[in-house]
Amino acid sequence: MSLAITIAAPFRHTRKELLKKNEIVYYLAFERGWMNIEQANHLLARAKEDGLISYEGDMIRPLFDVISMEIPLGFKPNASVFHRSDPHEELMSRIARDLSIPLTRVVAEMNTIISKEFGGHIRPEGAVVILAKRSGVEFSDLLPALRENILKSD
């Protein structure tokens, strides 16, 4: 969510619906000092990949409601805005946390599902969803990202 907040900040600050790329980079790198120019460009590329912004000629438009975004007082994005989280790893961590078991045990159980129950004919993303369902751990919010991971790697 901090990626969306970071993208919303220059639009909220300027009270504009469209900004040039260099205006956003200037805001992020110089006006706020949150990152360097290269990181700001990387952030915009990631926001485009995630469907948060679109380019209209040389202008950028946010594809979400900027007005509804609450930017906390003193907000400063952390390094996570530059990295896409892996939904597979996130679900494994969620299972370990909710069941209070070590992550290594989750991996072992997932590998058992893959090898013994499906003879190696299931992807790790599928096995971790099965494990989450059996364990009563919520996973529906991660299904689109898991599905996208599977489609990207085919």
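Just a few scattered comments:
- Whole-angstrom gap from the stretch 3-76 to the stretch 116-154, using each part's C-alpha centre: 33 Å
- Using θ = phi - 60° in the Karplus curve 6.51 cos²θ - 1.76 cosθ + 1.60, the 3J(HN,Hα) couplings for the stretch 9-16 round to 3, x, 5, 5, 4, 8, 6, 10 Hz; x is entered for Gly and Pro.
- Of the GluC sites (Glu not before Pro) in the stretch 73-154, the ones in a loop by DSSP (not H, G, I, E or B) with at most 16 other beta carbons within 10 Å are 138.
- Close Lys pairs in the chain (alpha-carbon distance under 23 Å; sequence gap of 8 or more, or different chains): 9.
- Positive-end ranking of 87, 131, 39 along the dipole of the chain, with charges on Cβ about the Cα centre, is headed by 39.
- Annotation for the stretch 32-74: GluC sites (Glu not before Pro) lying in DSSP loop with at most 13 further Cβ atoms inside 10 Å of their Cβ are 70.
- Calculated Rg/Rh (Cα atoms, Kirkwood Rh) (choose from (1) 1.09; (2) 1.06; (3) 0.97), label: (1)
- Fewest-first ordering of 26, 55 by other beta carbons within 10 Å of each residue's beta carbon gives 55, 26.
- Rounded to the nearest 20 debye, the dipole magnitude of the chain is 140 debye, with +1 charges on Lys and Arg beta carbons, -1 on Asp and Glu beta carbons, and the Cα centre as origin.
- With the charge dipole of the chain set up from +1 on Lys and Arg Cβ and -1 on Asp and Glu Cβ about the Cα centre, the Cα lying farthest toward the positive end among the listed residues 114, 53, 78 is that of 78.
Laboratory data are not the source of any read-out in this text; all were calculated from the coordinates shown. Computed from a predicted structure; not experimentally measured. As a convention, Cβ positions derive from the backbone with ideal geometry for all residues, glycine included, and neighbour counts pool all protein chains shown.
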